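Colleague: Got a structure for you, questions after.
The values are calculated or read from the model by the stated rules, or taken from the named source; none is laboratory data. The shown structure was predicted, so the numbers you read here are calculated from the model rather than taken from an experiment. Counting neighbours? That spans all protein chains shown, and the Cβs are built from the backbone with ideal geometry, glycine included. The protein model used for the area step is the full one, side chains on, heavy atoms only, and it has no ligands, DNA or RNA in it. Shrake-Rupley method; radii C 1.70, N 1.55, O 1.52, S 1.80 Å.
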Amino acid sequence: MFLLAAKLTCLSRCGEISFDSPDQNAKCVRMLGDARVRGQTGVLSERRGSYPFIDFRLLNNTTLSGEIGTKKKVKRLLSFQRYFHASRLLRGIVPQASLYLLDEDYLGQARHMLSKVGMWDFDIFLFDRLTNGNSLVTLLCHLFNVHGLIHHFQLDMVTLHRFLVMVQEDYHSQNPYHNAVHAADVTQAMHCYLREPKLANFLTPSDIMLGLLAAAAHDVDHPGVNQPFLIKTKHHLASLYQNVSVLENHHWRSTIGMLRESRLLAHLPKEVTQDIEQQLGSLILATDINRQNEFLIRLKSHLDNQDLRLEDAQDRHFMLQIALKCADICNPCRLWDLSKQWSERVCEEFYRQGDLEQKFELEISPLCNQQKDTIPSIQIGFMTYIVEPLFERWAQFTGDTPLSGNMLNHLRRNKAKWRSLLHKQHSSSRSNDHSGQVTGIQEQTLKKEETP
C-alpha cells in the first residue's frame, strides 16, 4: 500500500483553470491535476484528491496559496478526531460498531436516531452534529450491517471503515450543498427506497450494496461548480470526458480509485469486482440531470406497457438507477424545515458560482444570478419540471405505499409555501416601487402556477 501510494503521488501534476482571455487566464488558480490509474479491467480510475478543487480564496490572491496550504496542514495536525480515529485503526483496534468512536454524550442520541433510519422524517443535519461530522461513515457502517452485507461479502471491518473515511473526506465541506452531508442524506433516502416492497422483494445483496455505495459516492470530490462552468473555463476534466457527464464520470472514476486503493473488494473474484465497478459507473452516470428525459421516457414506457420484470437483473438495475435519481433530488419531498435548508444551501452554491463568473467576466450561468434568480423561483421551477414528473412515476411504480404518498404530500405542500413566498416577494417589490416588475423567471413561474 505504501509503495502504491508513493507511485500515485508521483503521478500528480499541476494544472490551471483556463479562461478565454489572457488576462483571465493569468495563473488565477493553481490546482492539482488529473492522475489516473488503469486497472486490470481497463476502466480508468482517478487518484484520491485528483480533482483540482476550486478555492475561492486562491482566486482572490494567488500569493496566499502557501499560507493556505500551511493552515490546512495545521488544521489536519490539530484535528484530534482525525488523529484518534487513525491511531486506533493503525493499532488494529476494530470499532465494534460505527458509533464506537463517538463522544459518550451523543452516543445514545445517535444510536436512537439510527434505530429510526428508515423513517422519512430522519433529520440528517441533527445526525451529522451528533456524529461530530461523521454522518456518512457512521450511516454506511450501520446500513452495511443492517443489510447483512459485511457477512455476505466477508468484508473486513477495518478496511470498510478506511474506505468510507476516504469517501467522506473526499467531499468538500466548503461546499454549501455538494458535501458529505448531502451524500449521507441521499444514502438514507436510498435505504428507504430499497425497502419499498415492490423493489425489496427482488433485490440481491449485490443490488443493495451497489445502491448504497453509489448513493454514498455519487458526488464525491464535487468542486461546487457545474458542468457548464468546467466547459467554458476549458477545465482539463471537460476535455478528458469530452464535455459529456463530466462531473459524474469524475465521481465514478474517483470511487473506483478509492475502492482499489483501500482494497475493500480485493478478496472477491476478479469478474465480480469488474462487474461492481461497471455497475457503479452506470448508477452514478444516471444522476446526470441532462439525462432526465431519457430516463423518464424509458420509465414511462415500462410502466405503460407493464413489462418490468424485476426477476431480470437488467430491469432491477434500471430501477436502481431510478431510485438513485429520486434519492439525489428528494429534498423537495422532505419535511419543510429540512427541505428549506437544502434549498437555501443549493442556491448559495449557485450564487457563489455566479459571483465567480461575474468576477472573471464570464457569462453568468442560469440560476446563478443572485440579483435575478430568487430561491422561491428556482425551487418552484425545479419542483415543477424536474421533481414532480420523476416522483409521480416513482409512485406509479411502487404503488400506493405510505412512503410515496408521504413524499408527494410534502412536495405539494413545500411547493405551495415557495409559491406563497414568491408572491410575497412580488408584492414587496411593488410596494417598494422597485419598478413593480418581477424577473423573467419569476414572471414565467407565476404564470405557470396561476394557470388552472
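Colleague: Out of the total accessible area of the stretch 233-278 (probe 1.4 Å, heavy atoms of protein only), what percent is carbon and sulfur?
Modeller: Numbers: 910 of 1880 Å².
Here carbon and sulfur together make up 48 percent of the probe-accessible area.
Colleague: Still on this structure, please answer the following. Using only Cα atoms, locate the centre of the stretch 320-391 and the centre of the stretch 113-173, then give the distance between them in Å, rounded to an integer.
Modeller: Result: 26 Å between the Cα centres.
Colleague: With respect to the cross-link table entries Lys340/Lys424; Lys372/Lys424; Lys340/Lys415; Lys232/Lys372; Lys198/Lys340, which display a Cα-Cα separation exceeding 20 Å?
Modeller: Numbers: Lys340/Lys424 17 Å; Lys372/Lys424 16 Å; Lys340/Lys415 11 Å; Lys232/Lys372 22 Å; Lys198/Lys340 30 Å.
From Lys340/Lys424; Lys372/Lys424; Lys340/Lys415; Lys232/Lys372; Lys198/Lys340, over 20 Å: Lys232/Lys372; Lys198/Lys340.
Colleague: Using DSSP to define loop residues, name the GluC sites (Glu not before Pro) in the stretch 307-373 whose beta-carbon has at most 15 other beta-carbon atoms within 10 Å. Could you put the intermediate results ahead of the total?
Modeller: Values: sites: Glu311, Glu344, Glu348, Glu349, Glu357, Glu361, Glu363; in loops: Glu311, Glu361, Glu363.
For GluC sites (Glu not before Pro) across the stretch 307-373 that sit outside H, G, I, E and B with at most 15 neighbouring Cβ atoms in 10 Å, the list reads Glu311, Glu361, Glu363.
Colleague: Hey, another quick one. Carbon and sulfur together cover what percent of the accessible area of the stretch 165-211 at a 1.4 Å probe radius? Show your work: numbers first, answer last.
Modeller: Details: 690 of 1330 Å².
Carbon plus sulfur share of accessible area: 52 percent.
Colleague: Can you give the accessible area of Leu44 in Å² (nearest 10), computed on protein heavy atoms with a 1.4 Å probe?
Modeller: Counting only protein heavy atoms, Leu44 exposes about 40 Å² to solvent.
Colleague: Continuing with this model, one more query. Need the full-extension length gain, Asn409 to Leu107, defined as separation in residues times 0.36 nm minus the C-alpha distance. One decimal, nm.
Modeller: Values: separation 302, 0.36 × 302 = 108.72 nm, distance 3.31 nm.
That pair, Asn409 and Leu107, stretches by 105.4 nm at full extension.
Colleague: Could you tell me the calculated FRET efficiency between Lys417 and Thr384, based on Cβ-Cβ distance and R0 = 22 angstrom, to the nearest 0.05? Write out the running numbers ahead of the final one.
Modeller: On the way: r = 14 Å, r/R0 = 0.65.
According to the calculation, E is roughly 0.95.
Colleague: So between Asn290 and Glu311, what do we pick up on full extension, going 0.36 nm a residue minus the alpha carbon distance?
Modeller: Working: separation 21, 0.36 × 21 = 7.56 nm, distance 2.91 nm.
Extending this stretch completely gives an extra 4.7 nm.
Colleague: Add +1 for every Lys or Arg and -1 for every Asp or Glu among the other residues with Cβ under 12 Å from the Cβ of Leu335, and state the total.
Modeller: On the way: positive: Arg334, Lys340, Arg413, Lys417; negative: Asp121, Asp123, Asp337.
Summing Lys/Arg as +1 and Asp/Glu as -1 gives +1.
Colleague: Out of the GluC sites (Glu not before Pro) in the stretch 194-298, which ones are loop residues according to DSSP with at most 11 other C-beta atoms within 10 Å? Could you put the intermediate results ahead of the total?
Modeller: Values: sites: Glu248, Glu261, Glu271, Glu277, Glu294; in loops: none.
Answer in residue order: no site qualifies.
Colleague: So, one more: All other residues with a Cβ under 13 Å from the Cβ of Leu149 taken together, and with Lys, Arg as +1 and Asp, Glu as -1, what is their net charge? Working shown, then result.
Modeller: Values: positive: none; negative: Asp156, Asp207.
Combined, the nearby Lys, Arg, Asp and Glu give -2.
Colleague: Shifting gears a bit: Enumerate the whole-percent occupancy of each 10 Å bin, from 0 to the last occupied one, for all C-alpha pair distances of the stretch 363-428.
Modeller: 19, 41, 27, 12, 1
Colleague: Could you pull out the chymotrypsin sites (Phe, Trp or Tyr not before Pro) across the stretch 112-213 that fall in loop regions by DSSP (anything but H, G, I, E, B) with no more than 11 other Cβ atoms inside 10 Å?
Modeller: On the way: sites: Trp120, Phe122, Phe125, Phe127, Phe144, Phe153, Phe163, Tyr171, Tyr177, Tyr193, Phe202; in loops: Trp120, Phe122, Phe153, Tyr171, Tyr177, Phe202.
Loop-located and lightly packed - none at all.
Colleague: Here is a further query. Pop the C-beta distance of Arg129 and Lys198 into the FRET formula with R0 = 51 Å and round what comes out to the nearest 0.05.
Modeller: Values: r = 34 Å, r/R0 = 0.67.
For R0 = 51 Å, the calculated efficiency reads 0.90.
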